[in-house]
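Taking it in order: structure first as structure tokens, then the write-up.
Please treat every number below as a calculation from the coordinates, not as lab data. Quantities reported herein were computed from a predicted structural model and do not represent experimental measurements. Cβ: placed from backbone, ideal geometry, glycine included. Neighbour counts: every protein chain shown.
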Amino acid sequence: MALGHRIRSFLLTLLSHRRTPAHLLGLSIIVSLVMAMVVLTARSQTITVTSLDRLAVPRPLGFVAARREATALTANVISRSQAQIWGLATSDHVSAIAGHLALIDRPVRANVYDRVQEGESVVQLRQRWRLRESDLARLNPDVDLDQVEPGTQLCVWHQDTANTSRSCYRANRGRLQNGELMPPGEGWIIRNERLAYAVDQTIDGLIHAMRVVMSKHPEGQELLVADLSSRNGGRLRPHLSHQSGRDADVTYFRLADDQPSFSHVRVSELDLPRTWTFIRTLLVNHEIEYMFMSRAIQEALYRYAESIGEHPAFLDQVFQYGPRGHRNSRAPIRFARGHGDHIHIRFACGEDDLYCR
């Protein structure tokens, strides 16, 4: 306010002075306009900072938060207009972010041990776990690996908490650095732990979404977590992707309360409330590039979400296919052949990833 008052006083003084040269008068007007623009820019920046401060939530300390303290909040902030389109009040939006940041108490896989089987060599054990000789020696410093007897228990995995995990290069031609092993937990089953490595944001998202499902719908079938990535990434047959720790294959939730399996799911067998809660949690709270599923299940989920009051603009934005001829080729939920028995989830690149695309 003081600067604006000075500008006005300066202009009035020049205009009241009859002998002010024309070129000086023009120059003074230009200077005044520039100063006014500076004032307006400063005000707009102040408003922007204030609006972000309203969305700020305390950053908890812990295993996950410490790794990405600088980016945990900003990577998941949805704009206010986006929150309104997606049917989120501001308080709900802040709660969603706070819930995501509260993942510090999620389980972290402890050391994993395996036994040398009868007739098996240490080399074969290393190959089974995709370990280099130096890595196995580092994990077992007190064991002479040249004198290992059948039945000997060896440490084959240990979480390196000092370094962050990194997705490197492309999902279909990439690598995984310091990947984390998906931990067991209530509500999900790991099909093959030797193929359950991923970057932190992938495991964060899966566990967070499962916990929301368990809190809202405690009764129902467990989630089967199948292939993520191998220990160091790279080619994982028969997949074309799953090479850099950002892909996850999980089953649909079925109404039958039995062991989950990778078999074709009819719409009549689908547990719509649990499946939609799982998908919605990932979309709203985490950075998701794609979710591949069958077209029939897409349309069933769209109709269910619509029936419980989800905003039509939100549904049109996230589904490729829907009722009444809806099409959106840029939506994250997309059709792909071969996904009638599972959902393929692709998480976006993180701040710590290396040449991630």
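With no solvent and one equal point scatterer per Cα, compute the Debye intensity ratio I(q)/I(0) for the stretch 111-158 at 0.17 Å⁻¹ and report its log10, rounded to two decimals. Listed by q, the Debye log ratios stand at -0.39.
Each residue in Arg109, Arg274, Arg138 was given a count of other beta-carbon atoms within 10 angstrom of its own, and listing them fewest first yields Arg138, Arg109, Arg274. What separates the Cα centres of the stretch 103-164 and the stretch 298-357 is a distance of 39 Å. Sorting Glu219, Glu310, Glu120 by the number of Cβ atoms found within 10 Å of their own Cβ, with the fewest placed first, yields Glu219, Glu120, Glu310. With neighbours defined as other Cβ atoms within 10 Å of a residue's Cβ, the residues Glu180, Glu289 order from fewest to most as Glu289, Glu180.
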